[in-house]
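Take a look at the structure below.
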Amino acid sequence: MKTLKIALALILVASSVYATEHIVVQKGKAFNPKTLEAKVGDTIKFKNSDAFAHNAYSDDGANEFDIGMQAPGEDYSITLKAPGTVAIGCAIHPSMQLKVTVK
Ligand SMILES: [Cu+2]
């Protein structure tokens, strides 16, 4: 059991070393960038650079999330949990779309 805990701890350390933080800016009612390539364990930090709220979310399986109301100037990070294509939208502005390919 102790060996397992040490192994898990090492995996966590290793994944945090190799994980990448991707920055996505929400400005002018658009995600920037609009497409992103990432890997499992990476994080996406959503920034709200508009003067109004956004609500980024995804319904895509293991990667689903819902930030909720994100006020201007706020940052919010999510972690990508599984490989696949993640379609991300904004619940307030349907025209906002971001496609993330997770490998
Ligand atoms: Cu929005």
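The values are calculated or read from the model by the stated rules, or taken from the named source; none is laboratory data. Since the structure is predicted, the reported quantities are computational estimates derived from the model, not experimental observations. We place every Cβ from the backbone using ideal geometry, glycine too, and count neighbours over all the protein chains shown.
For region 8-25, the criterion of being surrounded by fewer than 11 Cβ atoms within 10 Å (Cβ to Cβ), modelled with pLDDT under 95 and among the hydroxyl-bearing types (Ser, Thr, Tyr) is satisfied by at least one residue. Given the conditions (1) surrounded by fewer than 16 Cβ atoms within 10 Å (Cβ to Cβ); (2) at positive phi, and given that Gly41 satisfies all but one, which numbered condition is not satisfied? Among (1) surrounded by fewer than 16 Cβ atoms within 10 Å (Cβ to Cβ); (2) at positive phi, Gly41 violates only (1). Considering region 44-103, the qualifying strands (runs of 3 or more DSSP E), each wholly inside and each with 1 or more residues that are away from the ligand (no atom under 16 Å from the Cβ), closer than 25 Å to Tyr18 by Cα and under 14 Å from the mean Cα position of the chain (by Cα), run over 75-79, 84-90, 97-102.
For beta carbons closer than 6 Å, sequence separation of 6+ or different chains, a first residue in region 91-103 that is farther than 18 Å from Glu64 by Cβ and a second that is charged (D, E, K, R) and at pLDDT 95 or above, the qualifying pairs are His93/Lys29; Lys103/Lys39.
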